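First comes the structure, then the notes that go with it.
The values are calculated or read from the model by the stated rules, or taken from the named source; none is laboratory data. Predicted model, so just to flag it, every value in this text is computed and none were measured. Cβ placement follows ideal geometry from the backbone for every residue including glycine, while neighbour counts extend to all protein chains displayed. Heads up: the accessible areas ignore ligands, DNA and RNA and are worked out on the full protein's heavy atoms, side chains in. Shrake-Rupley method; radii C 1.70, N 1.55, O 1.52, S 1.80 Å.
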Amino acid sequence: MMRVFIGFMVCLFLLNCTKLKEKIVIKNKPYIISYEDRKLQNYIDSLKESKSNFVAFPRKGFYGEHQLIIDKKGNLYFYQKEYFMQLCSYGSENDTIPHFLRLQPKDIVRIPQKNLTDFLSENILIKEKDRQTLIIASQKDTIKNISFFEFLKKKNIGNYIIRRTTQEEDTVLRYKNNDSKHIYYYPDSIKWDRTKIKFPVEN
């Protein structure tokens, strides 16, 4: 009888370990940007096809007041844009490519992984609720370090967008991390792919 009881307890223990392992795997599941974008688009299309009264919209625009960048190595960077109160779309539905920001390497600061929560709290949570928006941009399609999701969930920040980095962000980040510190960044000398970035109209 004792053997049966011990056998039962061992099986129960192993079963619980397996369930715990499954929960850990799901919790730490990587975020795949293209997959999530496709899933959202499929959902929007299904609503249109079913002629549902409920309407969902694709994500519009590229930038917000606060940008968190994840580079190819998983390093974290942050930069801010000047706040602009947007009362309506102002044609953002036509923003299929990002605008040129004249971003400089000095505008982007690196955030130590261990200080991410404190840094974002100090730079976002002190703002009014409608300004607590975070744009998360990744150089890779798959984001394996998803620690920032804990911050978003814990601090109840519901307004965030996850996208790939823009051509300008990638270029400025490359200059920022250049080991040859004597090389300066002159945006006007860069051969930009103008199909991927929108420049201001020259007079």
Filter the stretch 65-78 for residues that are open to solvent by 20 Å² or more (accessible area, probe 1.4 Å) and closer than 13 Å to Q132 by Cα and give the result.
-> E65
Contact list, first residue from the stretch 127-146 and farther than 21 Å from Q113 by Cβ and part of a loop (DSSP other than H, G, I, E, B), second anywhere and open to solvent by 20 Å² or more (accessible area, probe 1.4 Å) and of a type outside the set (G, A, S), beta-carbon distance below 8 Å, six or more apart or interchain, is K127/E65; Q132/L125; Q132/N159; T133/E65; T133/N159; T133/Y160; T133/I161
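For K144, are the conditions met, namely being within 15 Å of I69 (Cα to Cα), in contact with a Gly (Cβ under 8 Å, 6 or more places away or on another chain) and open to solvent by 70 Å² or more (accessible area, probe 1.4 Å)?
Values: within 15 Å of I69 (Cα to Cα): yes; in contact with a Gly (Cβ under 8 Å, 6 or more places away or on another chain): yes; open to solvent by 70 Å² or more (accessible area, probe 1.4 Å): yes.
Criteria met by K144.
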Neighbours by Cβ (under 8 Å, 6+ apart or cross-chain): first from the stretch 157-170, in contact (Cβ under 8 Å) with a residue 40 or more places away in the chain; second outside any loop (DSSP other than H, G, I, E, B) and of a type in the set (D, E) | I162/E36
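Taking the condition of being surrounded by 15 or more Cβ atoms within 10 Å (Cβ to Cβ) and either closer than 19 Å to H99 by Cβ or modelled with pLDDT under 85 (or both), how many residues in the stretch 163-197 meet it?
Filtering the stretch 163-197 down to residues surrounded by 15 or more Cβ atoms within 10 Å (Cβ to Cβ) leaves 163-173, 175-176, 185, 187, 197.
Add one more test, that the residue is either closer than 19 Å to H99 by Cβ or modelled with pLDDT under 85 (or both), and what stays is 163-173, 185, 187, 197.
Counting residues in the stretch 163-197 that are surrounded by 15 or more Cβ atoms within 10 Å (Cβ to Cβ) and either closer than 19 Å to H99 by Cβ or modelled with pLDDT under 85 (or both) gives 14.
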Identify, from the list I124, I97, I157, the residue that is touching a His at 6+ places or on another chain (Cβ under 6 Å) and either surrounded by 11 or more Cβ atoms within 10 Å (Cβ to Cβ) or not in a loop (DSSP other than H, G, I, E, B) (or both).
-> I124
If we keep just the residues of the stretch 8-55 that are under 18 Å from K144 (Cβ atoms) and part of a loop (DSSP other than H, G, I, E, B), which is modelled with the lowest pLDDT?
-> N28
